[in-house]
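Below is one structure; the comments refer to it alone.
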Amino acid sequence: MKIVVATDSFKGSLSSLQVGQEIKQGIINSAPHANVEIVGIADGGEGTVEVLLHANGGERVNVSVHDPLMNIIEASYAVISVRGEDCVIIESAQSTGLNLVPLQSRNPLNTNSFGLGELIKDALAKGYRKFYLTLGGSATNDAGIGMLQALGWKFFDEKGEVIGISRNPLVRVEDFNDSQVMSELKECTFTVMSDVTNPFYGEQGAVQIFSRQKGATREQMILLEAAMFKFAKLIEKKYKRNVQDVKGAGAAGGLGGALASMLDANIQSGIDLIINMVGLEGKIKEADLIITGEGSLDGQSVMGKVPVGVAKLAKKHHKVVIGIAGRIDTELHELNQYLDAVFSIQTECRNLADAMSQQVTSKQLQITTEQIIRLVQAISSIRK
């Protein structure tokens, strides 16, 4: 029996590859002779660099950059070969991630994306010209202005003075120019991996949907929303581009819109790109069973997350696909449109902290997988 294991990370507990290893052990516990292949998968968020390095080889480049609060930290990007061309993979969360900001310090008026621009700048200086950027997990809502400042754009306040690189510059922007932008950017192609299709501003935009989780108060949301609208109109005036029409422009506090309108980036489905880059389809074709999953199978899972992306590919090739999750928080019929069956790894009541601990998650993944494989074997035996 050939089994492909292709799961997302169980966020806050285990990485995609760690989850795969635990599921593999569960399979081997009940089917010692099974041929199991682990394929690390992400949807363009946290863990993307890890899974692409695992699948393609390459190198990790470490860089000192500024975090969302402008503290110096160590971040990294990956360089991998895609169809014979060196490509840079940057997770924006490495420099702009919510995990980098202590809970008590979360305030999108105090955070910016300057560090992401520094990562791009470092790769440019090393001669790389093809970029893939992921936008998940951002602590910022600066419409990408911090990133643009690092790359040479100048932004001006109502007095015509250059805005510095501290805090969130968005709310002070009245004008900008690109006369000092790095010339190397004209030689680059940027592809954004994102499962978010939210517009730049409005009811479904960056501020209304995402800023509250970044620490914004109601009053701050009103201020940020007005600033997003104002900046969108400024982009349209300067570049004749309507950023509001770009699907995913609201990703990562407007980083998607800045990348699309200022750097001509192409925003694509993260899961689709990564599936292609790790060669998952070829592996699924050869498999008898596919196991996928993520920490929480919920309403968002059917909107471009890893399990559904993997399941769609499995169904294309008429393969059985099973989902495993830390929790299941949606109607099962929504998931069963894509997955033949879904299982939670929880076998007893635990508080959230205990349930998400690495030790418990590892054990429960093994136990649940072992039971799934025993069931598959029993059904196969009945059919014979």
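Bear in mind that the values in this text are calculations on the coordinates, not laboratory data. Quantities reported herein were computed from a predicted structural model and do not represent experimental measurements. We place every Cβ from the backbone using ideal geometry, glycine too, and count neighbours over all the protein chains shown.
Beta bridges per DSSP, both residues in the chain: antiparallel share near 35 percent. The stretch 81-127 and the stretch 291-368 have Cα centres lying 29 Å from one another. When the GluC sites (Glu not before Pro) in the stretch 324-384 are filtered for DSSP coil states and for at most 10 other beta-carbon atoms within 10 Å of their beta-carbon, the remaining sites are Glu331, Glu348. For the listed residue pairs Lys130/Lys283; Lys283/Lys315; Lys247/Lys283; Lys130/Lys312; Lys24/Lys285; Lys121/Lys233, the alpha carbons are over 25 angstrom apart in Lys130/Lys283; Lys247/Lys283; Lys130/Lys312; Lys121/Lys233. For the stretch 189-275, applying the loop criterion from DSSP together with a ceiling of 13 other beta carbons within 10 Å to the trypsin sites (Lys or Arg not before Pro) yields Lys240. Taking a sphere under 15 Å around the Cβ of Gly256 and counting the other residues whose Cβ falls inside, with K and R at +1 and D and E at -1, yields a net charge of -4.
Most tightly packed first, judged by the mean number of other beta-carbon atoms within 10 Å of their residues, the peptides 270-282, 36-48, 108-120 read 108-120, 36-48, 270-282. Derived value for the stretch 48-271: Kirkwood hydrodynamic radius 17.1 Å. Basis is the mean of 1/r over every pair of different alpha-carbon atoms. Computed from the Kirkwood radius of its Cα pairs, the Stokes-Einstein diffusion coefficient for the stretch 164-267 at 4 °C and 1.567 mPa s stands at 91 µm²/s.
Using a cutoff of 8 angstrom between alpha carbon atoms and counting only pairs six or more residues apart, the relative contact order for the chain works out to 19 percent.
Summing +1 for each Lys or Arg and -1 for each Asp or Glu among the other residues whose beta-carbon sits under 11 angstrom from that of Ser9 gives -4. For the stretch 48-271, the dipole from Cβ point charges (+1 on Lys and Arg, -1 on Asp and Glu) about the Cα centre works out to 320 debye, to the nearest 20.
Between the alpha-carbon centers of the stretch 222-276 and the stretch 144-161, tell me the distance in whole angstrom. Centre-to-centre distance over Cα atoms comes out at 16 Å.
Cα axis of helix 306-316 to longest principal axis of the chain: angle in degrees, 0 to 90, nearest 10? Tilt relative to the chain: about 60 degrees. Taken about its Cα centre, the chain carries a charge dipole of about 540 debye when Lys and Arg each add +1 at the Cβ and Asp and Glu each add -1 at the Cβ.
Just to check, using Stokes-Einstein with a Kirkwood Rh over alpha carbon pairs, what's the diffusion coefficient of the chain at 10 °C and 1.306 mPa s in µm²/s? Translational diffusion coefficient: 73 µm²/s.
The trypsin sites (Lys or Arg not before Pro) of the stretch 300-366 meeting both criteria, a DSSP state outside H, G, I, E and B (loop) and at most 16 other C-beta atoms within 10 angstrom of the site's C-beta, are Arg350.
Using a cutoff of 8 angstrom between alpha carbon atoms and counting only pairs six or more residues apart, the relative contact order for the stretch 48-271 works out to 19 percent.
From the helices alone, meaning DSSP H stretches of at least four residues, give me the mean residue ellipticity at 222 nm for the chain, per-run term -39500 (n - 2.57), in deg cm²/dmol to the nearest 500. One gets -11000 deg cm²/dmol as the mean residue ellipticity at 222 nm. The peptide list 66-72, 100-106, put in order of mean Cβ contacts within 10 Å with the highest first, becomes 66-72, 100-106.
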